[in-house]
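S.K.: Sending over a structure as C-alpha cells; questions will come in a sec.
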Amino acid sequence: MQKFTTLTGIVAYLPMINVDTDMIIPKQYLKTIKRTGLGTGLFAELRYDEAGQPLADFVLHKPPYDKAAILITGENFGCGSSREHAPWALLDFGISCIVAPSFADIFYNNCFKNGILPITLPQAEIDKLIDDASRGANAVLTVDLEAQEIRGPDGGAIHFDIDPFRKRCLMEGLDDIGLTMEKADAIAAFEQASRVQRPWS
C-alpha cells in the first residue's frame with residue numbers, strides 16, 4: 001500500500017448525501033478483481049449518459065476538477081454494500097482523500113485498508129473547504145497527516161482527528177498483509193518451535 005503523508009492537490013465538491021457504493025462504482029464494473037482500470041467507472045451513472053458519452057456538467061469532467069485528488073462530499077458517504085471496488089475506483093481515478101460529515105462504517109474501514117484518508121469534519125468546517133473548492137484553478141488544498149491539518153490557499157488550517165493506529169498504518173503504508181509481515185520473525189520462530197514440539201503435525 002502506498003504511504004500517505006502529505007497530499008497537495010485539486011479538490012472537487014460533490015454536493016450529495018447518502019452516496020452509496022453502487023453509485024461510486026456500479027455493479028457492471030465488478031467483474032474484475034484487479035484494482036486498476038476502475039477509475040473510468042467511478043460515478044459512471046453520474047458521469048455518462050445512456051450512450052456512454054461524458055456529461056459535461058458533472059464536476060469530475062470540468063477542469064481543473066477532472067484532476068481532483070481530494071473529494072469533499074455529504075453525509076453518510078459510502079453507504080450500501082461493502083464492495084471494496086469503491087475505494088479501488090476512487091484511488092484509480094486519483095482521489096486519495098475524502099472529506100465528509102460522516103461515512104458508512106464498512107466503507108470508512110475499507111478506505112484505510114487501501115491507502116485512502118477519510119476525514120470527518122463538522123459541516124461548518126466543510127463549508128469553508130467548499131468555498132476553497134469553488135475557486136477553480138486555485139482549488140488546491142494540502143492535507144498533512146502528520147500534523148492532522150488541512151491547509152487552504154489562504155493559509156488557514158483546519159485540524160482533524162484520526163485514530164493513532166490508523167494514522168500509523170497510512171503513514172507507513174501498512175495494509176493487513178503489511179501488518180502481518182511486521183510479525184514475520186515471531187511467526188517464523190513460532191513455526192520452528194511448533195515443528196520441534198509437534199513433529200507429527
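The values are calculated or read from the model by the stated rules, or taken from the named source; none is laboratory data. This one's a predicted model, so the numbers in the text were calculated from it and none came from an experiment. Every residue, glycine as well, gets a Cβ built from its backbone with ideal geometry; the counts of neighbours run over all protein chains shown. Areas reflect the complete protein model, heavy atoms only, side chains present, ligands, DNA and RNA absent. Shrake-Rupley method; radii C 1.70, N 1.55, O 1.52, S 1.80 Å.
S.K.: Measure off, as a whole percent, the carbon and sulfur share of the 1.4 Å-probe accessible area of the chain, all protein chains present. Show your work: numbers first, answer last.
M.R.: Values: 5730 of 10720 Å².
Of the solvent-accessible surface of the chain, carbon and sulfur hold 53 percent.
S.K.: Excluding ligands and nucleic acids, what accessible area in Å² is computed for D154 using a 1.4 Å probe, to the nearest 10?
M.R.: Answer for D154: close to 110 Å² accessible.
S.K.: Still on this model: Under the rule of -39500 (n - 2.57) per DSSP H run of 4 or more residues, summed and divided by the residues of the chain, what mean residue ellipticity at 222 nm is obtained, to the nearest 500 deg cm²/dmol?
M.R.: -9000 deg cm²/dmol
S.K.: Looking at the stretch 13-160, what % of its DSSP beta bridges pair antiparallel, to the nearest 5?
M.R.: 40 percent
S.K.: Residue by residue, what Karplus-based ³J(HN,Hα) values in Hz, rounded to whole numbers, does the stretch 22-32 have, using 6.51, -1.76 and 1.60 with θ = phi - 60° and x for Gly and Pro?
M.R.: 6, 6, 5, 9, x, 4, 5, 9, 8, 6, 9
S.K.: Counting only trypsin sites (Lys or Arg not before Pro) that are in a DSSP loop and have at most 12 other C-beta atoms within 10 Å, tell me the longest site-free stretch of the chain. Before the final figure, lay out the partial values.
M.R.: Numbers: sites that count: K3, K31, K34, K183.
It works out to 35-182.
S.K.: Right, another one. Apply 1/(1 + (r/R0)^6) to the Cβ-Cβ distance of F58 and K113, taking R0 = 30 Å, and write down the FRET efficiency to the nearest 0.05.
M.R.: For F58 and K113, the calculated efficiency is 0.60.
S.K.: Something else about it: Mind listing the long-range amide H neighbours of Y13? Cut-off is under 5 Å, sequence gap 5 or more, other chains count too, H placed in the peptide plane at 1.01 Å from N.
M.R.: Distant-sequence amide H within range of Y13: I72.
S.K.: DSSP loop (so not H, G, I, E, B), at most 13 other Cβ within 10 Å: list which GluC sites (Glu not before Pro) in the stretch 1-83 pass both filters.
M.R.: E50
S.K.: Using 17 Å as the cut-off for backbone N distance, which residues of the stretch 96-114 belong to the label zone defined by a point 7 Å from the Cα of E75 along Cα→Cβ?
M.R.: Flagged as within label range: 99-105.
S.K.: Another question, then. ³J(HN,Hα) across the stretch 58-68 via Karplus (A = 6.51, B = -1.76, C = 1.60, θ = phi - 60°), whole Hz, x for Gly/Pro?
M.R.: Coupling constants for the stretch 58-68: 6, 4, 6, 9, 9, x, x, 5, 5, 10, 4 Hz.
S.K.: With everything on Cα atoms, drop me the angle between helix 123-133 and the longest principal axis of the chain, reported from 0 to 90° to the nearest 10.
M.R.: Compared with the principal axis, the helix lies near 70 degrees.
S.K.: Kindly flag which residue pairs out of K128/K167; K3/K67; K27/K128; K27/K67; K62/K113; K34/K128 have an alpha-carbon separation exceeding 26 Å in this structure.
M.R.: With Cα atoms farther than 26 Å apart: K27/K128; K62/K113; K34/K128.
S.K.: With an 8 Å cut-off on Cα pairs and a minimum separation of 6 or more residues, tell me the relative contact order of the chain in percent. Don't skip to the answer; put the middle values down first.
M.R.: Numbers: 365 pairs, mean separation 50.0, N = 201.
This gives 25 percent for the chain.
S.K.: Going by the alpha-carbon gyration tensor, a ≥ b ≥ c the square roots of its eigenvalues, is the stretch 9-136 rounded (a/c under 1.5) or, if a/c is not under 1.5, prolate (a/b greater than b/c) versus oblate?
M.R.: oblate
S.K.: Ok, one more. May I ask you to give the solvent-accessible area per residue for the stretch 1-144, in square angstrom, as obtained with a 1.4 angstrom probe?
M.R.: Per-residue accessible area for the stretch 1-144 comes out at 47 Å².
S.K.: Calculate, in nm to one decimal, what T5 and D175 gain on full extension: separation in residues at 0.36 nm each, minus their alpha carbon distance.
M.R.: The T5-D175 span can extend by a further 59.7 nm.
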